[in-house]
Amino acid sequence: MTTRVAPLFDAKSAAQVYFDRHAAECAELNCSASDIGVEIAINQIFTPLVVLLVALALHRLGFWRAGYDKLSRWLRWSILSSAAFGAMAMALFVATLLPFKYYIEVWLGKTSGSIITIVSDDPRFAPPTFLQRNFSFFWDQFELVLMLGLVGAIIAPLAFWLFRTRPRTLFAIAGALYLSWVLVPTIDPWAEIFPLAEGELRDDVEQIADRADIAMDRIRTGNKNRLGLGQNEARAEWHDGGTKAIMNEAMLNIMQLNPKAYSPPFKPFTAKEFRAVVGHELAHLKQYHWQWLIGFRAILASVLTALAAWIALRLSSRPFLTGPQGQRHAPTFLALFAATGFAFHFVALPLFNNAIRWQENSADQVALDLARDPDGAAELAYRLARGGPLEHRRWYNTLYRSHPDARTRIERAMRWKVQNEPAVYKASGWSGAVRRRFMGDLEAIEGWSEKTE
C-alpha cells in the first residue's frame with residue numbers, strides 16, 4: 001500500500017498571498033469596480049443611439065449635403081470628394097462619442113493602460129497629474145480617428161458608386177470590407193522592432209522558444225509609434241512576411257518619455273513578468289490565434305456591414321430623409337451607413353470579446369507549459385489588474401471583458417505550480433535598467449539606473 005504524500009506547496013494559500021496583498025493595497029488605493037451597469041448601458045445602448053440620432057439630426061440641418069457639395073467643389077474628382085466625406089463622417093462620429101468615452105475611461109478609471117500603478121512612499125511613484133491622466137486617452141482617440149477615417153475613405157467611394165448605379169448590390173461593400181480586414185492587419189503597425197539584446201534574459205527566452213519549437217527570429221521587441229508612449233503591450237501578429245511575437249520595449253523598461261509622464265505611475269517590469277509575456281505570445285503563435293481571429297473578425301464585420309448597408313438604404317428612402325420629389329441623397333445614405341455600422345460595432349462587442357477571451361484562456365494555459373514560470377504569470381496578472389478589482393461579475397465578463405480577470409489567472413498559475421516543476425532561469429530582478437530611447441540612442445534616466453526589484 002502506497003501513501004500519498006501531501007504536496008509541500010498549497011495552491012490556494014499561494015494565491016491567497018496575492019489576494020491579501022491586493023486587499024492591503026486597496027486599503028490605501030480605491031480598487032472598487034466602477035459602476036459597470038452605467039458602463040454597459042453607455043457602450044451597448046446609449047452609444048449606438050447617439051450616433052444614429054446625430055446622423056439624422058445633421059441630415060435635418062442639411063449638413064451632409066452641404067458638406068459633400070463643398071468637398072466636391074474643393075477636390076473636383078468625385079472619388080476624392082467621396083473618400084474625404086467618408087473620412088469626415090467617421091471622424092465626426094468619434095468626436096460625438098468623446099464625452100461618453102471620457103466618462104468611462106478617465107472618470108470611471110478605465111484608462112487604457114500604460115504602465116501600472118502601485119502603492120508606495122517612493123516619490124517616483126507619485127500620483128499622476130491631471131494632464132498625465134488625460135494624455136494617453138486623447139492620444140488613443142487621435143489614433144482612432146486616423147484608423148476609422150482611413151476605413152471611411154476606403155469604403156465611401158465604393159458605397160457612393162453602388163448607391164448611384166446599382167443600389168441593390170450594396171452588399172458588395174461587405175466583400176470589400178472583408179478584404180480590408182484580412183489585408184490591413186498585414187501592414188506593419190510597429191514603428192520600429194529590434195531583436196532581443198544578448199544577455200541572461202535572452203538566454204531565458206531561448207529556453208521558452210525551444211519548448212515552443214519557435215525560432216528566435218520570430219521573437220522581437222519594438223515600439224508602436226515614435227512618440228513612444230511605452231504601453232505594456234505585446235502582440236502575436238503579422239510582421240515582415242510572417243507572424244511574430246512582438247513585445248513593446250517598455251517591457252524591458254526602455255522608454256521614450258520620462259517615467260513621470262506616464263499614467264498611471266510607472267512600475268518597472270521584471271524578468272519573470274517578461275518571461276510570462278513571451279510564453280503567452282508564443283502560445284498564441286503555436287495555436288494560430290492571429291489567423292483565426294482575423295478570419296472571425298472579417299466575417300463578423302462583413303455580415304454587420306451588409307446589414308448596415310441594407311438598413312441605411314431602407315432608411316434613406318423614408319419620406320423624412322428624401323428630397324421634395326422623393327429622391328434619395330447619396331451623402332445622407334453614406335452618413336446613415338457609417339452611423340449604422342458604427343453602432344453595430346458596439347452592439348456586437350460582446351460577441352467579439354468572448355472570442356478573444358476564449359483565445360486568451362487557451363494561451364494562458366499553454367503559456368504555463370512553455371514559460372514554466374508560474375510566479376511570473378501570477379505577478380503579470382496582478383499587474384494587469386491596473387490597481388482595480390481582481391475579479392468582476394460573471395455577466396460583466398460575458399458582456400464586456402476580452403481577457404480573463406486577474407484572480408482567474410493567479411489561481412491558474414498556482415494550480416500549475418502544484419503539479420509541475422518550474423524552470424530554472426538566469427535573469428532576475430528588473431527586465432532591464434530603466435532607460436530612455438532618444439533619437440535612436442539609449443540613455444539612463446536619473447533615479448532609475450539601478451536594476452533591482
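Quick check: is even one residue across the stretch 391-400 within 23 Å of the chain's Cα centre (by Cα), open to solvent by 30 Å² or more (accessible area, probe 1.4 Å) and closer than 18 Å to residue 17 by Cα?
Yes.
Being polar (S, T, N, Q) and open to solvent by 30 Å² or more (accessible area, probe 1.4 Å) is the requirement here; does residue 359 meet it?
Working: polar (S, T, N, Q): yes; open to solvent by 30 Å² or more (accessible area, probe 1.4 Å): no.
When the stated conditions are applied, residue 359 does not pass them.
I'd like the residue in the stretch 213-224 that is of a type in the set (D, E, K, R) and assigned to a loop (DSSP other than H, G, I, E, B) and, out of all such residues, is modelled with the lowest pLDDT. If you could, list the steps in order and put the result at the bottom.
Going through the stretch 213-224, the residues of a type in the set (D, E, K, R) turn out to be 213, 217-218, 220, 224.
Checking the rest, the ones that are also assigned to a loop (DSSP other than H, G, I, E, B) come to 213, 224.
Values: 213: 95, 224: 65.
Ranking the candidates gives 224 first.
Applying the selection to the stretch 49-80, what residues are open to solvent by less than 50 Å² (accessible area, probe 1.4 Å) and closer than 20 Å to residue 146 by Cβ?
Across the stretch 49-80, the qualifying residues are 51, 67, 71.
Within the set of pairs 6 or more residues apart or between chains, which connect a residue that is open to solvent by 50 Å² or more (accessible area, probe 1.4 Å) inside the stretch 405-421 to a residue that is part of a loop (DSSP other than H, G, I, E, B) with Cβ atoms less than 6 Å apart?
Matching pairs, first to second residue: 407/390; 407/391; 418/7; 418/9.
Which one of the conditions (1) surrounded by fewer than 20 Cβ atoms within 10 Å (Cβ to Cβ); (2) closer than 21 Å to residue 213 by Cα does residue 353 fail to meet, given that it meets all the rest?
Among (1) surrounded by fewer than 20 Cβ atoms within 10 Å (Cβ to Cβ); (2) closer than 21 Å to residue 213 by Cα, the lone unmet condition for residue 353 is (2).
Which count do you get for residues in the stretch 225-268 that are assigned to a loop (DSSP other than H, G, I, E, B) and either at pLDDT 60 or above or open to solvent by 20 Å² or more (accessible area, probe 1.4 Å) (or both)? So that I can check it myself, show each step before the final result.
First, pick out the residues of the stretch 225-268 that are assigned to a loop (DSSP other than H, G, I, E, B): 225-233, 240-241, 253, 256-258, 262-268.
With the extra rule that they be either at pLDDT 60 or above or open to solvent by 20 Å² or more (accessible area, probe 1.4 Å) (or both), the set shrinks to 225-227, 231-233, 240-241, 253, 256-258, 264, 266-268.
Looking only at that region, the number is 16.
The values are calculated or read from the model by the stated rules, or taken from the named source; none is laboratory data. Source: prediction; values computed, not measured. Neighbour counts run over all protein chains shown; Cβ positions are idealised from the backbone, glycine included. In case anyone asks, the SASA skips ligands and DNA or RNA and just uses the protein heavy atoms, side chains included. Shrake-Rupley method; radii C 1.70, N 1.55, O 1.52, S 1.80 Å.
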